[in-house]
Amino acid sequence: MPAENTSFPTLFRTWIPAANQSYNCTIIQAVRATNALPAFFKDIEFGEPIKQRYTYGTLGCNNPVKYVIGEARSMYPNRSISCVVSLGTGAENVIGLDRPDAFQRLLPTNLIGVLKCIATDCEKTSEETARELAAQSILYCRLNVDQGLQDVSLAEWEKLEAVQLHTVQYLQKYVVDGHITQIVQALSGMFLVFT
């Protein structure tokens with residue numbers, strides 16, 4: 001997100017769009033711009049002729065699914081979308097901040113509040129998208145671990161094994177397995193959008 005205006009995200013593309021072209025950044029710049037979470041990674045500046053400062057994308061657009069659908073429709077206006085797959089990082093209140101660890105005690109209180117709102121906003125966007133796409137007969141699947149990560153905070157990367165375990169258990173659920181089967185069927189010949 002542009003740090004000075006987080007109302008609208010910058011769309012980094014690997015193709016040249018018909019309109020609203022942006023600076024042709026490198027993949028490293030794009031990754032750095034979308035991961036510049038305060039207290040983890042510094043903001044990054046790039047662009048020509050005027051440099052733009054970017055900060056963590058989730059401060060205003062944690063779930064970019066609507067932008068991705070818009071891009072797909074813009075690129076392929078004469079094709080229909082059969083399936084949208086959205087990958088989450090844990091359902092609301094799953095990756096918690098309630099019990100502060102040493103890292104969380106270093107974070108400003110208002111940043112913790114923002115991070116909690118991000119999780120809520122992400123699921124709200126997902127729910128709205130699911131309803132809109134169902135009305136258009138488009139399959140929408142959000143894969144998002146729903147249990148087991150409550151005690152994993154943002155700074156606890158060393159708990160990767162626990163994250164992996166709960167993710168595997170989530171993928172083995174009957175309903176989730178059914179979603180994956182639907183995704184595979186959609187991949188067999190229709191247009192698919194990933195977010």
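The values are calculated or read from the model by the stated rules, or taken from the named source; none is laboratory data. Keep in mind the model is a prediction, meaning the values are calculated, not measured. Neighbour counts run over all protein chains shown; Cβ positions are idealised from the backbone, glycine included.
Numbers for the structure displayed
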read-out	value
Elements of type helices (runs of 4 or more DSSP H) contained in the range 49-167, each with 1 or more residues being of a type in the set (A, V, I, L, M, F, W, C) and modelled with pLDDT of 80 or more	65-75, 109-135
Residue that is nearest to Asn62 (Cα to Cα), among those in the range 183-195 that are at pLDDT 70 or above and surrounded by 14 or more Cβ atoms within 10 Å (Cβ to Cβ)	Ile183
